[in-house]
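Notes to accompany the following structure.
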Amino acid sequence: MAPTLQEALLAWYTQHQRRLPWREAADPYRVLLAEVLLQQTRVAQAIPYYQRFLERFPTLEALAQASLEEVLEVWQGCGYYARARHLHQLARQVVARGQPLPHTASGLQALPGVGPYTAAAVASIAFGQAIAAVDGNVRRVLARLQAWEHPRPKQVQAQAQALLDALKGQVHPGIWNQALMELGATVCTPRKPNCPGCPLVTFCRGQGQPERYPAARPRPQRSLEVVALVLQGPLGFHLEPRQGRWLGGLWGVPLEEEPGGLARLLARFGLQKAELLGTLRHDLTHRRLWVRVYRAWGEGRENPAERPLSRLDRKILALATAPAAGAARPPWPPS
DNA sequence: AAGCCGGGGGT
DNA sequence: ACCCCAGGCTT
């Protein structure tokens, strides 16, 4: 008898699943950490952060006792720092309550930083709840299976849940969810998917032109000019904690938008002039930053190695630390 | 529903 | 240069 779609995928997953650190243990805290780290982040990038994070904060209790700055110290460079802030809040909430992590998706989703995907992933993988976890991979796999150019979120969620329900408890829901995601990550990739190597090829209505499903969404990218001031003294640099959503909680050098950015920075610190160290480009989500980096001598007592900094600030400080590093005249202007 | 949030790697 | 990644929060 021909295998069902579910049988075909599970057989494939048994053979081809990657060995990933968070698949070694069933500790709910570790599953949660992995899922948060994997939000908008590739597996390969998340792995070293996962290891370092667990070394430093082995349990939810250890995380709750840490300061936010300690948490960001480990998270720096990984991006989307709200994830770290929320995970820290989550740990403090749950520990303060004196309860273990909620065992259901709805309970989990009430926690900070846990949305529909993460809640379903943790509930299914760590607690065995039969709920479909729909991420970008699953969305793409199902869009191709059904030849949906514009899959609607409810449509995808319902389809994913139907596939899981058809298993009728014969398979651990977490295994099924991971199998679907694994297929999307390694075979049913966004571009140049490996259709001949796909266990679901006989079930797929989109294999003829897989890259048509789902249709890509146009993404505008805005260009922004800013000025950074590296204020350097004999004892160190002037760094300040950033507020708000943008790199919030991390430290950085004073930054101002053009036009008039340099004048505002000079006025703020009572300076007459500053030396142009160079320019650099930095890309954020949907934004391209063109940064003019100036240096002036004055008060500064911070050691950048002891503060959590974003990549942007590390690049800026590198211009002051490594003179003539070749980045003195990078591409400009914003075109 | 749309806008916002980092950084990186594959193509 | 472009795409998008085991998304979630705010408006």
Exercise for the section: Give the long-range amide H neighbours of A:Leu284: residues separated by 5 or more places, or on another chain, with amide H under 5 Å away, using H modelled in the peptide plane at 1.01 Å from N. Expected result: A:Leu289
Fill in the blank from the handout: Site A:Thr41, offset 7 angstrom along Cα→Cβ, radius 11 Å on amide nitrogen, limited to segment A:106-123, gives none
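Using 0.36 nm per residue, how much length does the chain from A:Arg52 to A:Leu5 gain when fully extended, once their Cα-Cα distance is taken away? Walk me through the numbers on the way to the answer.
Values: separation 47, 0.36 × 47 = 16.92 nm, distance 3.80 nm.
Taking 0.36 nm per residue and subtracting the Cα distance, the gain is 13.1 nm.
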Problem - For segment A:224-277, size of Cβ-based charge dipole, Lys and Arg +1, Asp and Glu -1, in debye - result: 180 debye
Practice task
Take the Cβ-Cβ distance between A:Lys168 and A:Thr285 as r, set R0 to 45 Å, and report the resulting FRET efficiency rounded to the nearest 0.05.
Solution key: 0.65
Exercise for the section: Sticking with the crude label model, points 7 Å out along Cα→Cβ, report the distance from A:Arg97 to A:Lys154 in nm, one decimal please. Expected result: 2.9 nm
Handout entry: Inter-site label distance for A:Thr186 and A:Ser223 at 7 Å from Cα along Cβ, in nm
Key = 4.2 nm
Practice task
Rank A:Leu38, A:Thr285, A:Ala143 by how far each Cα sits towards the positive end of the charge dipole of chain A (+1 on Lys, Arg Cβ; -1 on Asp, Glu Cβ) and give me just the farthest.
Solution key: A:Ala143
Problem - Student exercise, segment A:224-321 dipole from Lys, Arg, Asp, Glu Cβ charges, in Debye to nearest 20 - result: 200 debye
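What does the helix-only formula give at 222 nm for chain A: each DSSP H stretch with n ≥ 4 adding -39500 (n - 2.57), the total divided by the residues, and the result rounded to the nearest 500 deg cm²/dmol?
On the way: 13 runs with 141 residues, N = 335.
Helices in chain A give a 222 nm mean residue ellipticity of -12500 deg cm²/dmol.
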Problem - Cα centroid separation - segment A:144-210 against segment A:226-267, whole Å - result: 46 Å
Problem - Qualifying lysines (Cα of each under 29 Å from Cα of A:Lys168; at least 8 residues distant if same chain) - result: A:Lys154
Practice task
Please state the charge dipole magnitude for segment A:5-211, taken about the Cα centre, from unit charges on C-beta atoms (+1 on K and R, -1 on D and E), reported in debye and rounded to the nearest 20.
Solution key: 420 debye
Problem - Of the trypsin sites (Lys or Arg not before Pro) in segment A:164-231, those whose Cβ has at most 13 other Cβ within 10 Å and which sit in DSSP loop - result: A:Lys168, A:Arg191, A:Arg205
Completion exercise
Rounded to whole angstroms and listed largest first, the alpha-carbon spread of chain A along its three principal axes comes to 82, 51, 31
Exercise for the section: Pull up the DSSP beta bridges for chain A and report the antiparallel fraction as a percent, rounded to 5. Expected result: 60 percent
Handout entry: For segment A:224-321: span of alpha carbons on each principal axis (Å, largest first)
Key = 37, 31, 23
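Computed from the coordinates by the stated procedures, all read-outs in this text should not be read as laboratory data. Everything numeric in this text was worked out from a predicted model, so none of it was measured. Counting neighbours? That spans all protein chains shown, and the Cβs are built from the backbone with ideal geometry, glycine included.
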